[in-house]
């Protein structure tokens, strides 16, 4: 799946920044329908900015963002609402509503956007919680949960209205390896069973190898994409030094101590 | 092939469904079209009504006409089956496309037996009273403990003034004290003016307008000056302290201080309490002066001279009244700043936590001020002040 065959997200010549400083410059890439796509990059490389641009929280300076063929940048009013319904987002810290129980958090989008009977909403919310393995925790408050459980619950809430795309911001950040691996399995299982397209921002290399069909890697200096393809191929065959360093966990400073292979 | 996650467009053609009694006790339900979050609500309600009406032992769902089904649709089919099984009947789904059947099979009905069980546990009236009483006692305990700790820290700071972070204290004194001058001035002036005006009208009938000076002087210096200043301080600075410390608590800045070996009470509370204790009597003095000035406007408008107003007031108000009022204001300032900081440090997790702390700081501050004022009145009476 190295080629773009059936893009559900298409980003073209996207340029954006803050206060006169460009963060991404003329970035172009696509995400195929049904694939697990990861956005990687060092700190400050613009991963989160790119995510915020795609989900419409920031406006780009120029360029196009097509979601299922419709332009996200110019969409307004009802058109924008329809576009927003096509994806769900799991934010870095979960962003669960602290005053609601887990069940209420997941039920909230159903209450706002559907006319389902209350019992039906409860059942559907419970089924979503069951999909992420939290069926027995519906009556707990977010503050009573561990970080991993909060992220699972946030995924369940993001799936409440059955979106086509799920954006997961820093899926593994701050979690132990076991919880992180559990979340990877959850993503794989959801992708297989529900045919959801996943766009994941992560630093966790083991996650990337396990779940990502394709990745792009952003770079702070060039403000663009320095690598695109399957993670294993990039690790073994990339000509870019930064990409190889990233995949082999080698810091730039190692060369100072003569341990690095000399490439820079 | 239809996709599970097709777009739920609001204007997409909805579904239709028909029910018929196939034979006695057997209800047929035929669904055609889309079964998504927009259309399922209506079908769910209608099916429920029909099942309630006919109470069938067996329901046969003809799902061959379903061309699209999302999580809500799967929830509907699952809920229908669950409902039938719970009532001792059964449900058969015919012709459901394999991919939708696969989704339906993800959920095990036996795991959803207690769907209704997850409701907040209700507690009895007696238990509620007990819990509330315990909470009040705990709050009172925490308040007394904290005020004691803050008081001890304050004494410690005054004994070792070099340990105090005076820069921070002066900054707080500026925001809590100097910046409060306009509002204290406005409220004090209007209070003196209104009080004098309201008193002057009935007193005039007895030719006793000049005693308005006594009334304004005594009440401003002894009661209203300190009280009004403390209430404004509770609203302005008590809330601000609670919000500031609450946000620091949520951002784990307080934890960072503790792990650095710094005492949050020494580091954050002492500066604020010290600033409040210094600024409150000064603000009170300002409020007293402005209030008296407000009262003088009324008497001047009635033809009395400023000197007769002043002489009349001085004949009634002595230094002990002034000092008594100022001492009260020191205690009020200590309480307002203390409870503001306490509520800030007690902030819990959640979006509404800082708001709750702020509210509790202001309400608690005002209640404490009023209670303390009552105690002062009794003590001053017996001391002859």
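Each reported figure results from applying straightforward, stated rules to the coordinates on display, with no laboratory input. Owing to the predicted nature of the structure, the values given are computational and were not obtained by experimental measurement. With ideal geometry, Cβ positions are generated from the backbone for all residues, glycine too; neighbour counts draw on all protein chains shown.
Here the extension length gained between residue B:186 and residue B:53 equals 40.8 nm, from 0.36 nm per residue of separation less the Cα-Cα distance. Each eigenvalue of the Cα gyration tensor of the stretch A:97-162, multiplied by 5 and square-rooted, gives one semi-axis; in descending order these are 18, 11, 10 Å.
Rg over Rh for the stretch B:131-383 works out to 1.06, using Cα positions for both radii and the Kirkwood form for Rh. For chain A, modelled as a GNM whose springs connect Cα atoms under 10 angstrom apart, the maximal fluctuation among A:120, A:38, A:154 occurs at A:120. Does the stretch A:39-104 come out rounded, prolate or oblate by the C-alpha gyration tensor, with a ≥ b ≥ c the root eigenvalues, rounded set by a/c under 1.5 and, if not, prolate when a/b is larger than b/c and oblate if not? It comes out oblate by the Cα gyration axes. Note on the stretch A:149-205: the alpha carbon radius of gyration divided by the globular reference 2.2 N^0.38 Å gives 1.05.
Expressed in Å, the radius of gyration and Dmax of the Cα atoms of the stretch B:222-352 are 19.9, 67.
For the protein assembly as shown, the antiparallel share of DSSP beta bridges with both residues in that region comes to about 45%. Extending 7 Å from the Cα toward the beta-carbon at both residue A:221 and residue B:211 defines two label points whose distance is 9.0 nm.
Annotation for the stretch A:59-101 versus the stretch B:308-378: alpha-carbon center distance of 49 Å.
For the stretch B:45-164, taking the reciprocal of the average inverse distance between every pair of different Cα atoms yields a Kirkwood hydrodynamic radius of 20.2 Å.
Taken over the C-alpha atoms, chain A has Rg and Dmax values of 19.2, 67 angstrom.
Shape call for the stretch A:67-117 from the C-alpha gyration tensor, a ≥ b ≥ c root eigenvalues: rounded (a/c under 1.5), prolate (a/b greater than b/c) or oblate? Oblate is the answer for the stretch A:67-117, as a/c is 1.5 or above yet b/c matches or exceeds a/b. Comparing mean-square fluctuations of B:122, B:23, B:296 from a GNM of chain B with C-alpha springs under 10 Å, the top value falls on B:23. Counting only other chain Cβ atoms within 10 Å of each residue's Cβ, the peptide B:101-111 averages 2. Ordering B:300-313, A:19-32 by mean Cβ neighbour count within 10 Å, with the highest value first, yields A:19-32, B:300-313. Pairing the Cα long axis of helix B:40-54 with the longest principal axis of chain B, what angle in degrees results, from 0 to 90 and rounded to the nearest 10? That works out to roughly 70 degrees. Across chain A, C-alpha contacts under 8 Å between residues 6 or more apart give a mean separation that, scaled by the residue count, equals a relative contact order of 23 percent. Largest GNM mean-square fluctuation among A:176, A:68, A:219, using chain A with Cα springs under 10 Å: A:176.
Considering the stretch B:121-221, its Cα convex hull presents a mean projected area of 13.7 nm².
Across the stretch B:132-283, the mean sequence separation of Cα contacts (distance under 8 Å, 6 or more residues apart), normalised by length, yields a relative contact order of 45 percent. Taking every residue in A:120-131 and counting other chain Cβ atoms within 10 Å of its Cβ, the average works out to 6. Residue by residue along B:176-186, Cβ atoms of other protein chains within 10 Å of the local Cβ number 0 on average.
Sorted largest first, the spans of the alpha carbon positions of the stretch A:58-177 along the three principal axes are 45, 39, 23 Å. Estimated from helices alone, the mean residue ellipticity of the protein assembly as shown at 222 nm is -17000 deg cm²/dmol (sum of -39500 (n - 2.57) over DSSP H runs with n ≥ 4, per residue). How far is helix B:71-86 tilted off the main Cα axis of chain B, in degrees rounded to 10, range 0 to 90? On a 0 to 90 degree scale, this one is about 70.
Axis angle, to the nearest 10 degrees, between helix A:147-158 and the longest C-alpha principal axis of chain A: 70 degrees.
Can you work out the PRE-style zone for residue A:4? Point 7 Å along Cα to Cβ, and I want the residues of the stretch A:191-229 with backbone N under 15 Å. Counting backbone N atoms under 15 Å from the label point, the list is A:214-217, A:225-229. Across all directions, the average projected area of the convex hull around the alpha carbons of the protein assembly as shown is 43.3 nm².
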